[in-house]
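Chemist: Let me begin by handing over the structure; questions about it come next.
Laboratory data are not the source of any read-out in this text; all were calculated from the coordinates shown. Worth saying up front: this structure is predicted, and the values here are computed from it rather than measured. Quick reminder, even Gly has a Cβ in these numbers, built from the backbone with ideal geometry, and neighbours come from all protein chains shown.
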Amino acid sequence: MERPTIIRKTDSDLRVPPNLDNYEAQRRSFRWDNERRALQGLPGGGLNIAFEAVDRHAAGPLQDRSALRFVARNAPALDLSYGELALQTSRFANVLRELGVAKGEHLFVLMGRIPELYIAVLGALKAGVVVTPLFSAFGPEPIATRIKLGEGTVLVTSDALYRRKLAQWREQMPTLRHVLLIGEDGGPTHEAATRDLATCMAAVSDTFHIEQTAAEDPALLHFTSGTTGTPKGALHVHAAVMMHHASGRYALDLHPNDRYWCTADPGWVTGTSYGIIAPLLHGVSSLVDREEFDAERWYALLASERISVWYTAPTAIRMLMKSGLEAARRHAYPDLRFIASVGEPLNPEAVWWGKEALGLPIHDNWWQTETGGIMIANTPAFDIKPGSMGRPLPGIDACIVEHLEAEGEAPRVRIISEPNIEGELALRAGWPSMFRGYLHNEARYRKCFAGEFYLSGDLARRDADGYYWFVGRADDVIKSAGHLIGPFEVESVLMEHAAVAEAAAIGKPDPVLGEMVKAFVSLRTGFAWSETLRLEILALARKRLGAAIAPKEIAFLPSLPRTRSGKIMRRLLKARELGLPEGDTSTLEAGA
Ligand code: ATP
Ligand code: MG
């Protein structure tokens with residue numbers, strides 16, 4: 001179905017006064033110094049993410065407000081107040097001190113979305129220890145590799161995960177000095193060469209003098225999703241808290257009374273920056289669902305938990321779309337006022353689906369592990385152009401650049417100032433949550449910068465209104481008969497067909513065209529693959545894209561391979577299509 005190209009916003013779309021309402025003026029007046037002053041800072045100077053997120057509130061009127069509300073299928077809901085979170089994180093920090101873990105050492109957490117995860121992450125930050133949350137569904141090898149690469153000295157995990165995945169791998173992680181385990185059903189653990197976390201926590205005080213971390217002290221080490229290759233470790237510092245705060249306010253429009261739900265697992269940067277830090281900075285109550293995706297359950301939670309701001313991902317939205325509108329309409333969402341999405345391009349069809357299913361369009365935003373926080377966003381007050389990622393936030397200067405011939409190693413670029421020209425999306429370096437390095441890969445890090453710009457590796461264009469449009473990752477762009485084809489454009493059209501749930505386009509070598517476009521699709525519930533359907537989708541693509549850009553081949557797959565963070569792995573589809581080695585599949589979702 002062809003839709004309007006713009007969703008106009010009026011005052012009636014706003015339930016609360018938006019934090020960003022005068023885009024130009026707020027961008028002009030924005031200063032990072034002011035953002036720093038909006039935070040409290042450590043007594044005696046210094047900056048610490050966990051202090052701003054937890055202890056600052058615990059000492060004030062938010063003490064008894066629920067900071068994190070954990071829900072699970074077979075357990076009663078558990079609320080951790082800001083006050084309680086401050087005490088528990090202090091205990092954890094004391095455990096680290098008692099063990100002799102020093103500032104700057106690396107701690108890894110590996111567990112489901114249980115309270116201990118949040119306590120360990122924030123407690124370690126209080127102690128000045130650098131944290132990496134790992135996704136609990138990883139297999140032993142990716143876990144061991146990351147701990148080894150990150151020179152992890154402490155691991156916090158559950159008894160069961162340790163036994164299943166790590167006990168036999170311990171020798172592969174020579175830097176690991178301490179393993180803290182969470183016993184099953186709260187009981188103590190008896191694994192050799194480990195400690196029982198609950199016992200350690202009970203033995204220490206719940207007051208802790210927060211480590212005097214400076215803004216530039218390392219805080220978090222996040223691994224990228226591995227969509228385009230081996231995951232890279234991106235290092236972030238405590239100053240990132242300024243970006244978490246600013247983007248929580250502008251991009252997520254957080255207000256004190258919000259009930260907020262970020263569906264990302266903390267094993268990915270979104271789940272940490274926006275599932276832990278940003279909502280706490282704003283003193284809001286967050287929902288944490290311990291269960292895996294389930295369309296019915298998610299709709300019920302949105303309704304019963306009275307969620308007002310929801311941050312999710314295209315892959316989740318596609319799965320919800322796949323399950324049909326009726327499931328969504330079984331509930332009402334009177335409290336929901338803002339929905340945002342990140343992680344992959346959000347097809348226009350998905351933006352509109354939000355309006356039909358939940359009564360609100362989905363607001364796409366863009367950022368990367370490397371940027372540490374949201375850079376480009378659609379926000380409540382402004383019109384949405386479905387298919388566009390929105391506009392740069394206050395404090396962020398984005399532009400489109402083209403590469404010039406490099407002198408030696410360093411890339412050189414020129415800013416493309418005319419609108420609507422495709423090029424690489426670049427950001428003026430210097431925002432506080434910018435990564436400060438790739439772990440053990442200085443050369444790769446340097447390649448990301450050209451003069452004053454950080455080069456994102458994504459291709460995009462900017463329109464005359466300043467909205468950015470994602471074209472594709474530089475690695476995924478298809479070169480066919482002299483055209484540069486972004487897979488997103490092709491996939492968005494395929495998604496317009498009622499039967500198509502997911503689509504991925506790749507370039508396949510072709511003797512005449514250089515590359516031809518091949519697409520893979522999976523279907524919505526209730527549709528079956530047939531030759532007639534294939535021809536129908538092909539005809540739609542030809543009509544909307546023209547013969548030069550439309551796929552020459554369309555193949556059906558029950559589901560598309562994706563990373564555990566939900567990103568379609570086009571490189572894998574390509575490798576399989578061409579019979580090439582699959583490369584690093586450590587983040588590939590099981591069964592894909
Ligand atoms: P790797 O760098 O290991 O290949 P990755 O790039 O997928 O993995 P992340 O840092 O998690 O790892 O993802 C950032 C990338 O996700 C962006 O560079 C972009 O390609 C894609 N992305 C994120 N948000 C959006 C969006 N709103 N629209 C389009 N693409 C997006
Ligand atoms: Mg990347």
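Chemist: Give the residue that is surrounded by the most Cβ atoms within 10 Å (Cβ to Cβ), with candidates limited to residues of region 489-505 that are part of a loop (DSSP other than H, G, I, E, B) and not small (G, A, S).
Modeler: First, the residues of region 489-505 that are part of a loop (DSSP other than H, G, I, E, B): 496-499.
Now restrict to residues that are not small (G, A, S): 496-497.
Details: E496: 18, H497: 22.
This residue is H497.
Chemist: Here is a follow-up. Among the listed residues L180, L221, L197, which satisfies the condition of being within 16 Å of ligand 2 (Cβ to nearest atom), of a type outside the set (F, W, Y) and closer than 20 Å to A93 by Cα? Before the answer, list the steps.
Modeler: Details: L180 fails: within 16 Å of ligand 2 (Cβ to nearest atom); L197 fails: within 16 Å of ligand 2 (Cβ to nearest atom).
Testing whether each residue is within 16 Å of ligand 2 (Cβ to nearest atom), of a type outside the set (F, W, Y) and closer than 20 Å to A93 by Cα leaves just L221.
Chemist: Scanning for something in a strand (DSSP E or B) and over 24 Å from T263 (Cβ atoms), does region 110-125 turn up at least one residue? It would help to see each step written out before you state the result.
Modeler: In the first step, residues of region 110-125 are kept if they are in a strand (DSSP E or B); the result is 110.
When the remaining residues are screened for being over 24 Å from T263 (Cβ atoms), the result is none.
Checked against the condition, which is being in a strand (DSSP E or B) and over 24 Å from T263 (Cβ atoms), region 110-125 yields no hits at all.
Chemist: If Y454 satisfies every condition in (1) among the aromatic types (F, W, Y); (2) in contact with a Cys (Cβ under 9 Å, 6 or more places away or on another chain); (3) surrounded by fewer than 20 Cβ atoms within 10 Å (Cβ to Cβ) but one, which is the exception?
Modeler: So Y454 meets the others, but not (3).
Chemist: Residue check: is G395 part of a strand (DSSP E or B) and either under 23 Å from the mean Cα position of the chain (by Cα) or aromatic (F, W, Y) (or both)? Don't jump to the end; show me each part of the working.
Modeler: On the way: part of a strand (DSSP E or B): no; either under 23 Å from the mean Cα position of the chain (by Cα) or aromatic (F, W, Y) (or both): yes.
Judged against the criteria, G395 is not a match.
Chemist: Of all residues in region 413-445, which are away from ligand 2 (no atom under 16 Å from the Cβ) and not in a loop (DSSP other than H, G, I, E, B)? So that I can check it myself, show each step before the final result.
Modeler: From region 413-445, those away from ligand 2 (no atom under 16 Å from the Cβ) are 413-423, 428-432, 436, 440, 442-443; that's our starting set.
Of everything in region 413-445, those that are away from ligand 2 (no atom under 16 Å from the Cβ) and not in a loop (DSSP other than H, G, I, E, B) turn out to be V413, R414, I415, G423, R428, E442, A443.
Chemist: Follow-up. Take the residues of region 506-539 that are of a type in the set (V, I, T) and either assigned to a helix (DSSP H, G or I) or more than 16 Å from G472 (Cβ to Cβ) (or both): which is nearest to the chain's Cα centre (by Cα)? If you could, list the steps in order and put the result at the bottom.
Modeler: To start, the set of residues in region 506-539 that are of a type in the set (V, I, T) comprises 506, 512, 517, 521, 525, 532, 537.
Then keep just the ones that are either assigned to a helix (DSSP H, G or I) or more than 16 Å from G472 (Cβ to Cβ) (or both); that gives 512, 521, 525, 532, 537.
Numbers: V512: 39, V521: 24, T525: 27, T532: 38, I537: 31 Å.
This residue is V521.
Table: residues versus (1) more than 30 Å from R412 (Cα to Cα); (2) within 16 Å of ligand 2 (Cβ to nearest atom); (3) out of contact with any helix residue (DSSP H, G or I) (no Cβ under 8 Å at 6 or more places or on another chain).
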residue: F293; (1), (2), (3): yes, no, no
residue: M319; (1), (2), (3): yes, no, no
residue: V342; (1), (2), (3): no, yes, no
residue: A357; (1), (2), (3): yes, no, no
residue: I374; (1), (2), (3): no, yes, no
residue: R391; (1), (2), (3): no, no, no
residue: P394; (1), (2), (3): no, no, no
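Chemist: I549 passes all but one of (1) in a loop (DSSP other than H, G, I, E, B); (2) under 16 Å from S522 (Cα atoms); which number fails?
Modeler: It is condition (2) that I549 fails.
Chemist: Now for a different question. Give me the pairs: first residue in region 563-592 and without any contact (Cβ under 8 Å) to a residue 60 or more places away in the chain, second residue acidic (D, E), beta-carbon distance under 8 Å, and six or more apart or on different chains, which are they?
Modeler: Short answer, once both residue conditions are applied: L572/E582; A575/E582; R576/E582.
Residues are listed down the side, and each one gets a yes or a no for (1) in contact with a helix residue (DSSP H, G or I) (Cβ under 8 Å, 6 or more places away or on another chain); (2) in a loop (DSSP other than H, G, I, E, B):
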{"site": "R3", "(1), (2)": "yes, yes"}
{"site": "N34", "(1), (2)": "no, no"}
{"site": "A50", "(1), (2)": "yes, no"}
{"site": "D55", "(1), (2)": "yes, no"}
{"site": "P61", "(1), (2)": "no, yes"}
{"site": "F70", "(1), (2)": "yes, no"}
{"site": "G104", "(1), (2)": "no, yes"}
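Chemist: While we're looking at this one, here's another question. Conditions first: (1) under 21 Å from E502 (Cβ atoms); (2) crowded, with 22+ Cβ neighbours inside 10 Å; (3) away from ligand 2 (no atom under 16 Å from the Cβ); (4) not charged (D, E, K, R). S308 passes all but one, so which condition is the exception?
Modeler: Going through (1) under 21 Å from E502 (Cβ atoms); (2) crowded, with 22+ Cβ neighbours inside 10 Å; (3) away from ligand 2 (no atom under 16 Å from the Cβ); (4) not charged (D, E, K, R) one by one, S308 breaks only (1).
Chemist: I'm told G486 meets every condition in (1) under 25 Å from W353 (Cα atoms); (2) within 15 Å of ligand 2 (Cβ to nearest atom) except one. Can you identify the failing condition by its number?
Modeler: Checking G486 against (1) under 25 Å from W353 (Cα atoms); (2) within 15 Å of ligand 2 (Cβ to nearest atom), the one that fails is (2).
Chemist: Would you point out which residue out of G229, G267, G233 is surrounded by fewer than 24 Cβ atoms within 10 Å (Cβ to Cβ), touching a residue at least 24 places away in the same chain (Cβ under 8 Å), farther than 29 Å from D33 by Cβ and in contact with a Phe, Trp or Tyr (Cβ under 9 Å, 6 or more places away or on another chain)? Spell out how you get there, then give the answer.
Modeler: Numbers: G229 fails: in contact with a Phe, Trp or Tyr (Cβ under 9 Å, 6 or more places away or on another chain); G267 fails: surrounded by fewer than 24 Cβ atoms within 10 Å (Cβ to Cβ).
None of the others qualify; the one that does is G233.
Chemist: Within region 252-271, take every residue that is within 16 Å of ligand 2 (Cβ to nearest atom) and assigned to a helix (DSSP H, G or I) and give me the one that is farthest from V109 (Cα to Cα).
Modeler: Only one residue fits best here, namely T270.
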